[in-house]
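The values are calculated or read from the model by the stated rules, or taken from the named source; none is laboratory data. In this text, all values refer to a predicted model and were calculated from it rather than measured experimentally. Cβ: placed from backbone, ideal geometry, glycine included. Neighbour counts: every protein chain shown.
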Amino acid sequence: MTTLSDLDAESQFKVRRYQIIIAVVALVAEFFLAGDWYGFAAVIPFVSKSLHLSAAQAGFAQGLFTITYAASLLAWGPLSDRFQARLMVVGGLVGTGLFMFLQGFAQSYPELLLARALIGIFDAAIFVGTMKLIAAWFPPARRGALMGSLLAAYSLAITADFAIGIPIASQAGWNVFLSGLGVLTLIMSVVALGVIKSKPENVGIARFSWDGGRPDGEASATSIAEIFRRPWIYIAALAIFGDTFAISAGATWVIPMFLTVHHISFGLASLVGSVMGLSQVLFLFVGGYLSDRMRRRVLPMRIGAALATLSALLFTLSALGQMSVGVLLLFAAVSGVAVFSGGAIFSLVADRYGEELAGTTVGYAEIGGIISTFVAPALMGWMITDTHGFADAFWLFTGVELLIFVILLFVRDDARKLTAVASASD
């Protein structure tokens, strides 16, 4: 196998040039993946009024995406071995853009559900293709930093959904926003088709590998089994569940709650959504920076769970009665603390499983996040419909985050060798 140090100066420059291109494409693809995922959440009040949806129906429509997304991740994973990353990303963007566009023309609840389900299938292809691009073009030591940037792009997309989607939906209609988002996704697919190269071999660098051994991402059955014999995948999955539960609950139900309980304007609702998204971006960077400098990997996860509980409690208090606009904006500004531990989760996995298995382990642990992005909007929506109010649903939100924090308190955290109370050995 050929490594980077084996290449001449011209070939090394070519690799680095394509690394920049792939990084930009990956960030933009992740931006559209998350934008298409939560674009519907940003305009739920408008869609609900137009299609006469209950909170339970709207929550299920948002969560249905996650069901097909999760199932498709399991399907696209094995299939991705047969397809190049370029085809996965471009095909995913085309399918997602097409059905986002058609979603804007939904005239009934079944049509809306069908569009949401199909978008989830193709959004999963974007994610799998992007992971293949990162594995092919970046050494293991740089993949963690790039993953952190992808998480920031994810939160920025949610910010843009609320900052742009609510004003457009209030002035021109929710269908214009969702269809417009679909058109932009289709345009991005054309750009991706023109610039993506799946791996160094596609630019004339034969048999390239970052470690000189077997190709990146290839792991033995014994190694895969080892992942599930250790407790850390379950701890990571639990922490991811808490982070994404907070993201999904906030993105789906905070704005409708503020509109209903506090009677804020659509303009202010757009500002609140934007502040929440930017807060996530800020605390992702802050949390990642600090966690890299902590010898104890579980400690920042505990801190993150505690902060997520605090954020959920603040929103719960705002669901109980009237508060000033300044207080609501303050709650939105600090809500990003819920994702403080995002970087620490990836650091824990890398420490315990090593570079070779870290990516695979994170992929399995992400199932925790996928489950929560369905459970949070759907279950809270059902409770809002059943109780005709928001308070009980947000108490549930707080309870979930508190439970995760308590569980993490029982995970032993040693600076040199991490061991779980529930496990007798590593």
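Can you name every residue in region 385-409 that is outside any helix (DSSP H, G or I) and surrounded by fewer than 22 Cβ atoms within 10 Å (Cβ to Cβ)? Quick ask: steps written out before the conclusion?
Quick first cut of region 385-409, residues outside any helix (DSSP H, G or I) only: 388-390.
Residues satisfying the conditions are HIS388, GLY389.
Listed here are the residues, each with its yes/no results for (1) polar (S, T, N, Q); (2) modelled with pLDDT under 70; (3) out of contact with any Cys (no Cβ under 8 Å at 6 or more places or on another chain).
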position: VAL337; (1), (2), (3): no, no, yes
position: THR373; (1), (2), (3): yes, no, yes
position: ALA378; (1), (2), (3): no, no, yes
position: LYS417; (1), (2), (3): no, yes, yes
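Residues that are buried (at least 22 other Cβ atoms within 10 Å of the Cβ) and under 23 Å from SER54 (Cβ atoms) within region 113-128 comprise ALA115, ARG116, ILE119, GLY120, listed in sequence order.
Name the residues in region 32-47 that are surrounded by fewer than 21 Cβ atoms within 10 Å (Cβ to Cβ) and either at pLDDT 90 or above or under 21 Å from ILE370 (Cα atoms) (or both), would you?
Keep residues of region 32-47 that are surrounded by fewer than 21 Cβ atoms within 10 Å (Cβ to Cβ), which gives 45-46.
PHE46, the sole residue that qualifies.
Cβ-Cβ contacts under 9 Å between residues 6 or more apart (or on different chains), taken from a first residue in region 52-65 that is at positive phi and without any contact (Cβ under 8 Å) to a residue 40 or more places away in the chain to a second residue that is assigned to a helix (DSSP H, G or I) and not charged (D, E, K, R), are listed as HIS52/TYR109.
Residues that are free of Cβ contacts under 8 Å to residues at least 24 places away in the same chain and within 18 Å of the chain's Cα centre (by Cα) within region 19-51 comprise just one, VAL24. Screening ALA56 with (1) under 20 Å from the mean Cα position of the chain (by Cα); (2) within 24 Å of ILE371 (Cβ to Cβ); (3) at pLDDT 80 or above; (4) among the aliphatic types (A, V, I, L, M) gives one miss only, at (1). Within the span defined as region 209-226, every residue fails to be crowded, with 18+ Cβ neighbours inside 10 Å, assigned to a helix (DSSP H, G or I) and either on the phi > 0 side of the Ramachandran plot or modelled with pLDDT under 90 (or both).
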